[in-house]
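Visitor: One structure follows; several queries about it will come next.
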Amino acid sequence: MTNSLKNRIIILCVGLVLLTTMVSLFSFWWSTSEFNEKKVTQDINVAENVYKQYLSAKQSLLLTAAKVLTSDFGFKQAVATRDADTISSVLYNHSQRINADLMLLLDLSGKLISSNTPQQNFSNDLVQLMSELLNNSEQSNFVVLNNELYQVILLPVKAPRTVAYSLVGFKIDESVVLELKNLTGLDVSFIAKGDDLVRSSLLERPVPFIPTEYFHKKTTSRIFGEQLVYRNRDLSLPSLNQHSVNVMLSADLTQSYSEFERLFFTLMFLAAITIVIGIFTSSLLAKNLTMPLSQLASLARQFARGNYSVDAMSKKQSSEISTLIDAFKNMGNDIQEREQQISFAAKHDTLTGFYNRSAMLEVLNEQLNKDREYTLVAIDIRGLRHINDKLGPRIGDDCLKAVAGRIAEFSDEFGGLHARIGGDEFLTVFPSDGSQNFKNDIVGLMAQLQACYTIQKLKINLRFSTGVVQYPAQGLKADDLIRRVLIAVDNGENAHESIHYYQAGEDEEHLERLVMIDELKQAIADDDGQLFMTYQPKLNIASQKIDKVESLIRWQQKDGRWISPELFIDLAEQSGLIVELTEWVIKTVIKQVEQWQKNGIYMQAAINVSAQDIAYPGFHSNLVSTLKNYSVAPALITIELTERDMIENEEKGIQALENLKAIGVKISLDDYGVGQTSLGRLKMLPIDELKLDKCFILKLDESEKDQFIVESTITLGHQLGFSVVAEGVETAGSLELLKSMKCDHVQGYYLSRPLKADVFEQWLKEYNNEHA
Ligand code: C2E
Ligand code: CA
Ligand code: CA
């Protein structure tokens with residue numbers, strides 16, 4: 001049996017029923033036995049009275065009979081004359097008349113003169129008896145004569161003096177006993193102790209002797225064990241001194257026992273029924289009580305599973321349970337509400353209320369349907385960080401909200417979805433018919449987005465990059481589509497396109513690039529020779545000396561594969577890894593310059609850096625501390641920066657370059673001539689050197705046009721106070737032309753390819769020997 005509430009209630013109820021039954025049984029038993037006791041006593045009292053009246057009636061009958069006899073004149077005369085025949089006939093007649101069993105005439109000494117039953121032979125003890133009876137005249141006594149019990153009275157026969165005595169008596173035989181029993185309703189026993197004689201209604205026939213204890217102690221076996229059969233009361237009867245005679249009234253208790261037992265069994269039966277009913281009702285009660293509890297428990301489990309509907313509960317409940325159920329319902333509603341809030345927060349961007357990236361992924365996976373076509377457009381706000389930095393994050397947030405509003409307007413019109421999938425990136429997905437129309441729609445969206453924003457009274461123009469992917473043509477799964485649309489945005493941004501339609505293969509390329517970025521990162525960290533620097537000499541035309549080199553990085557992977565610097569530098573720039581890479585280059589080159597100094601070679605080294613390096617706040621201090629570490633003069637280092645990189649981040653970049661120039665580092669404008677830097681701007685830049693792009697030099701000896709451009713650029717550079725370097729010199733002819741154009745330095749394969757440091761040293765030695 002489990003320790004459940006239900007079982008406890010049943011046990012309690014059954015226990016109560018049992019206890020009640022026991023108590024009522026006990027009180028019933030108590031009151032019944034009390035009542036029986038009283039009744040028996042009362043019965044005995046009544047019987048005693050009846051019995052006494054009976055005996056006194058008998059006594060008066062005896063007395064009357066004796067008086068009639070003794071006062072009968074004829075009889076007296078007959079006694080006086082001792083007329084035996086007359087006497088005996090009188091005695092007989094009288095005895096017949098009053099139904100006396102005993103009618104004796106005794107002489108004065110007590111001897112029998114005559115009797116009504118002449119055949120009876122009395123012993124001598126009549127003499128003795130008489131003498132005792134004489135003391136008790138006028139009152140009956142109980143005596144035993146000839147083994148029979150009698151109620152007798154003795155009266156003198158006077159003529160006029162006493163001449164004889166007459167003894168009159170009724171035999172107390174079975175019939176008397178029975179009569180008394182009938183009258184009193186109790187058993188009657190006469191007991192003459194000294195004579196060992198018993199006349200009793202309890203005995204079916206006379207027995208010689210039964211000790212009275214027999215009646216006192218007689219027991220009967222009942223359900224409560226051995227019980228006395230009789231309740232007895234002894235009454236002493238007037239009797240003679242030597243032979244006391246008692247009468248014993250015996251109330252038979254068996255019937256009251258049986259009655260008690262019957263009642264007991266009835267009660268037991270009722271108790272059993274009550275217990276059965278008790279068990280039934282208590283289990284019903286327990287069920288009623290525990291059912292809502294187990295319902296509530298299952299409700300709680302249901303809540304745990306996230307199901308908060310409570311309709312299944314039955315309505316018939318007590319007020320407490322109803323209150324509890326109501327409390328549960330409210331709790332369920334509250335939990336549900338909070339859960340909804342939480343799940344909303346988990347799925348939505350708090351600023352714009354748009355889906356977040358993971359929710360969008362989920363929704364797309366659910367909704368994308370192969371039977372329809374969709375267009376995914378990812379929108380990146382360019383330069384939002386600038387707005388945050390310059391105007392504060394609140395304006396930045398308001399910009400995001402405003403952009404989100406326009407995107408929602410657009411996507412709602414198309415019945416599309418929208419999400420914020422990054423800090424400044426949104427995604428909208430809308431059904432499209434696959435025709436070229438969707439391109440117009442996207443152009444429309446861009447126009448809408450690019451329209452001027454008014455945010456907190458500020459007029460703000462925002463620029464965007466968008467990537468576009470088509471479902472299902474360019475991907476089936478939501479995560480593929482989202483990845484591709486973001487790649488499209490990135491590629492568009494790199495290509496400076498405002499809308500970039502995803503092209504097959506871009507994803508794979510992107511993945512390859514990701515892998516390569518990872519490998520590059522590892523190569524920088526390991527510094528195990530995969531990355532190394534090469535140095536390409538620059539010839540000073542005036543002095544005919546090699547006084548400068550350009551440092552150029554190389555990457556040969558462990559498997560021997562060469563990665564083009566153009567490719568991995570581009571990757572490093574896109575991934576932000578360039579800062580780390582440039583730090584490595586600076587350290588390696590400066591260390592090399594120090595080494596050359598130690599070897600007696602005084603060489604200026606140019607280091608290529610990108611716009612990101614210059615913009616990086618730690619760039620300057622890193623360069624300065626590295627120069628210091630290796631005791632290299634800043635004037636030995638030239639920073640090469642392309643025209644485009646210099647323009648990209650103009651203000652900050654120019655300031656940073658000026659700071660470098662201030663400490664003595666030289667600045668070279670790389671790939672000059674391919675950009676459209678105006679002369680005016682060129683004047684403003686803190687540069688020392690113009691490096692003509694190799695596209696003008698490679699075919700210089702063949703192209704008059706190039707010759708014209710190069711010559712005028714050199715002249716112009718000189719006029720602005722810059723030294724001019726030509727790279728990509730592959731032929732002697734080009735070199736001769738550049739000499740005649742008064743170019744300051746030349747660099748190119750004609751002179752040497754970029755060389756490893758030790759090879760370069762060897763090369764330099766040979767070169768100096770040849771040109772000594
Ligand atoms: P760049 O700065 O314009 O470097 C000059 C490139 O022209 C080098 O290519 C060089 O090997 C090549 N070159 C030199 N003379 C000739 C010639 O006579 N004919 C031809 N056809 N090419 C010649 P490289 O080494 O492949 O470098 C390519 C670009 O990679 C560099 O262009 C530069 O932008 C970048 N780069 C290389 N090393 C580094 C570096 O250490 N840091 C950074 N940030 N960029 C680097
Ligand atoms: Ca360069
Ligand atoms: Ca160059």
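Visitor: Has segment 748-760 got at least one residue that is more than 15 Å from ligand 1 (Cβ to nearest atom) and either in a helix (DSSP H, G or I) or in contact with a helix residue (DSSP H, G or I) (Cβ under 7 Å, 6 or more places away or on another chain) (or both)?
Guide: yes
Visitor: Let me ask another. Select from segment 553-581 the residues that are within 16 Å of ligand 3 (Cβ to nearest atom), part of a helix (DSSP H, G or I) and crowded, with 20+ Cβ neighbours inside 10 Å and list them in ascending order.
Guide: Passing the criteria: only ILE569.
Visitor: Report, by residue number, each residue of segment 633-655 that is in a helix (DSSP H, G or I) and within 16 Å of ligand 3 (Cβ to nearest atom).
Guide: GLU643, ARG644, ASP645, MET646, ILE647
Visitor: For segment 656-676, what are the residues that are free of Cβ contacts under 8 Å to residues at least 60 places away in the same chain, outside any loop (DSSP other than H, G, I, E, B), within 16 Å of ligand 3 (Cβ to nearest atom) and touching a Leu at 6+ places or on another chain (Cβ under 8 Å)?
Guide: Residues satisfying the conditions are ILE667, LEU669, TYR672.
Visitor: Quick check on my filter: what residues within segment 340-359 are surrounded by 14 or more Cβ atoms within 10 Å (Cβ to Cβ) and without any contact (Cβ under 8 Å) to a residue 40 or more places away in the chain?
Guide: LYS347, HIS348
Visitor: Something else about it: If GLN139 satisfies all but one of (1) touching a Pro at 6+ places or on another chain (Cβ under 7 Å); (2) part of a helix (DSSP H, G or I), what's the number of the condition it fails?
Guide: So the condition that GLN139 fails would be (2).
Visitor: Give the residues of segment 715-733 that are assigned to a helix (DSSP H, G or I) and either small (Gly, Ala, Ser) or within 16 Å of ligand 3 (Cβ to nearest atom) (or both), sorted by residue number.
Guide: GLY717, ALA732, GLY733
Visitor: Checking ILE487 against (1) in contact (Cβ under 8 Å) with a residue 24 or more places away in the chain; (2) under 47 Å from the mean Cα position of the chain (by Cα), which test does it fail?
Guide: (1)
Visitor: Moving on. Would you confirm, using the coordinates I've provided, whether ALA57 is part of a helix (DSSP H, G or I), over 60 Å from the mean Cα position of the chain (by Cα) and at pLDDT 85 or above?
Guide: Criteria met by ALA57.
Visitor: What is the residue count in segment 13-48 for residues that are surrounded by 14 or more Cβ atoms within 10 Å (Cβ to Cβ), more than 18 Å from PHE264 (Cβ to Cβ) and within 42 Å of the chain's Cα centre (by Cα)?
Guide: Total meeting the criteria: 2.
Visitor: I'm trying to understand the selection: among the residues of segment 668-692, which are surrounded by fewer than 20 Cβ atoms within 10 Å (Cβ to Cβ) and within 16 Å of ligand 2 (Cβ to nearest atom)?
Guide: ASP671, VAL674, GLY675, ASP688
Visitor: Which pairs turn up if I take residues in segment 436-449 that are in contact (Cβ under 8 Å) with a residue 40 or more places away in the chain and look for partners that are assigned to a helix (DSSP H, G or I) with beta carbon separation below 8 Å, at least 6 apart in sequence or on another chain?
Guide: From segment 436-449, the pairs are LEU445/ILE407; LEU445/PHE410; GLN448/ARG406; GLN448/GLU409; GLN448/PHE410; LEU449/VAL403; LEU449/ARG406; LEU449/ILE407.
Visitor: Regarding segment 536-549, can at least one residue be identified that is out of contact with any Lys or Arg (no Cβ under 7 Å at 6 or more places or on another chain), part of a strand (DSSP E or B), surrounded by 15 or more Cβ atoms within 10 Å (Cβ to Cβ) and not assigned by TED's automatic domain parsing to the domain that holds GLN604?
Guide: Checked against the condition, which is being out of contact with any Lys or Arg (no Cβ under 7 Å at 6 or more places or on another chain), part of a strand (DSSP E or B), surrounded by 15 or more Cβ atoms within 10 Å (Cβ to Cβ) and not assigned by TED's automatic domain parsing to the domain that holds GLN604, segment 536-549 yields no hits at all.
Visitor: So, one more: What are the pairs with Cβ atoms under 8 angstrom where one residue, in segment 215-244, is farther than 19 Å from SER258 by Cα and the other, located anywhere, is among the basic types (Lys, Arg)? Sequence gap at least six, or different chains.
Guide: From segment 215-244, the pairs are HIS243/LYS193; SER244/LYS193.
Visitor: Based on what the data block shows, is MET684 within 16 Å of ligand 3 (Cβ to nearest atom) and either among the aliphatic types (A, V, I, L, M) or not assigned by TED's automatic domain parsing to the domain that holds GLN592 (or both)?
Guide: For MET684, the condition - within 16 Å of ligand 3 (Cβ to nearest atom) and either among the aliphatic types (A, V, I, L, M) or not assigned by TED's automatic domain parsing to the domain that holds GLN592 (or both) - is not met.
Visitor: Yes or no: segment 347-354 includes at least one residue that is within 30 Å of LYS477 (Cα to Cα) and assigned to a helix (DSSP H, G or I).
Guide: Within segment 347-354, one or more residues are within 30 Å of LYS477 (Cα to Cα) and assigned to a helix (DSSP H, G or I).
Visitor: Looking at segment 711-731, which of the residues that are under 21 Å from LEU751 (Cβ atoms) and among the β-branched types (Val, Ile, Thr) is nearest to ligand 2 (Cβ to nearest atom)?
Guide: Among those that are under 21 Å from LEU751 (Cβ atoms) and among the β-branched types (Val, Ile, Thr), it is VAL725.
Visitor: Would you tally the residues in segment 360-403 being small (Gly, Ala, Ser), more than 20 Å from LYS652 (Cβ to Cβ) and surrounded by fewer than 19 Cβ atoms within 10 Å (Cβ to Cβ)?
Guide: Qualifying residue count, segment 360-403: 1.
The values are calculated or read from the model by the stated rules, or taken from the named source; none is laboratory data. What you see is a predicted model, and the numbers here were worked out from it, not measured in a lab. Quick reminder, even Gly has a Cβ in these numbers, built from the backbone with ideal geometry, and neighbours come from all protein chains shown.
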